Structure formats: C-alpha cells, structure tokens
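Undergrad: This structure is in structure tokens; I'll ask about it shortly.
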Amino acid sequence: MAQRAMPAWTIWYVGSFPPLAALSILLAWRWGGTTELLVALVYLIGTDLQKIAASTAGIRFVHFEPVVATIDIAVFLALVVLAYRQPRTWLLCSAALQLIACLGHAAKALQPTMPALVYEILMGSAGYPLLLLLWLGIATCRRRRNLLAGR
C-alpha cells in the first residue's frame, strides 16, 4: 500500500508546537507556579525527544512507534505524579487527555494496518488542547496570586 503524503496544513500544526511549548515555559516562569513550570518543561522535553526519536519523515507513523509511545507514557506518568501532588482540575484533565493519546499507540499496535495519517492525528491531536489547559493553569495561578495579594 503506497504511503500518502501528509496534508500541507500538518506542517504548520506540527511545526508551531515546539515554539508554543517554549513560550509556555516563559509564561509559566513569569505568571505560573512550580507545577505549571514543570508541566511546561515536560511538554517541551517530550516534544524535543519525539522529534529526535520519531522515524524518518515519509515513513513516520507507518508502523507502531515504540520510542514515541514510551515518551508519551512518560509524559502521562509525569502528569499523573504532578496531579497527585497538586490535584488541580486543569492538570487532572491534562493527564486524562494524555492517557487518551497513549491509547492511540495501543490502537496502532493492535491494528497495524491503521493508516499513518490516522495514527499521526491520534498522536498529535492532544498537543494543542494540552497547551490550552496549561495556559489555563497559568492564568488560574496568576489570578490566585493576585487575589491573595489583594489586587
């Protein structure tokens, strides 16, 4: 079966994520707390490791990606540990969303004929909602600090 090229919009979708994850570190450092900063670091490190570890472009996600799955599971476990330490709604939702992304790897392992585009969408669709949840966490932390400071 011939491998179809990924749609052009996926280049923007994938390429915009690392700079936004790096921006999240700055936002968390400036307005968030330790938890928000750790989550932002986990996202950036996970993204960078996946870029390094993923298969060669053109054949990426054609087969089950065990290294990428391991990174996704590590991100999930980090979110679970952080949510256990600081049970915040945005963080619990992030852990749940990351679990769903991890289940995409199980789906590919169980169904090897799954098209690469479907597998990549399953892997990448959680990224931006995770960033939005992190930004919500940063905003909530900032608001809480302002309320405590009487501003």
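Undergrad: Can you run down the residue pairs with Cβ atoms below 7 Å, 6 or more apart or on separate chains, where the first is in segment 96-109 and over 9 Å from D72 (Cα atoms) and the partner is open to solvent by less than 40 Å² (accessible area, probe 1.4 Å) and not in a helix (DSSP H, G or I)?
TA: L97/A126; I100/A126; A107/M114; K108/M114
Undergrad: Here's another thing I want to ask about it. Here are L122, L133, L92: which of them is in a helix (DSSP H, G or I), more than 14 Å from A69 (Cβ to Cβ), of a type in the set (A, V, I, L, M) and without any contact (Cβ under 8 Å) to a residue 24 or more places away in the chain?
TA: L92
Undergrad: Which numbered condition in (1) touching a His at 6+ places or on another chain (Cβ under 8 Å); (2) loosely packed, with under 13 Cβ neighbours inside 10 Å; (3) of a type outside the set (F, W, Y) is the only one that M123 fails?
TA: Tallying (1) touching a His at 6+ places or on another chain (Cβ under 8 Å); (2) loosely packed, with under 13 Cβ neighbours inside 10 Å; (3) of a type outside the set (F, W, Y), M123 fails exactly one: (2).
Undergrad: Across segment 27-69, what is the number of residues that are modelled with pLDDT under 95, open to solvent by 40 Å² or more (accessible area, probe 1.4 Å) and charged (D, E, K, R)?
TA: Total satisfying the criteria: 3.
Undergrad: I'd like the full set of residues that are open to solvent by less than 40 Å² (accessible area, probe 1.4 Å) and either of a type in the set (D, E) or more than 17 Å from Q50 (Cα to Cα) (or both), limited to segment 126-147.
TA: Scanning segment 126-147 gives L133, L134, G137, I138, C141.
The values are calculated or read from the model by the stated rules, or taken from the named source; none is laboratory data. Since we're looking at a predicted model, the values are computed, not measured. So basically every Cβ, Gly included, is an ideal-geometry build from the backbone, and we count neighbours across all protein chains shown. These area figures cover heavy atoms from the full protein model, side chains too; ligands, DNA and RNA do not enter into them. Shrake-Rupley method; radii C 1.70, N 1.55, O 1.52, S 1.80 Å.
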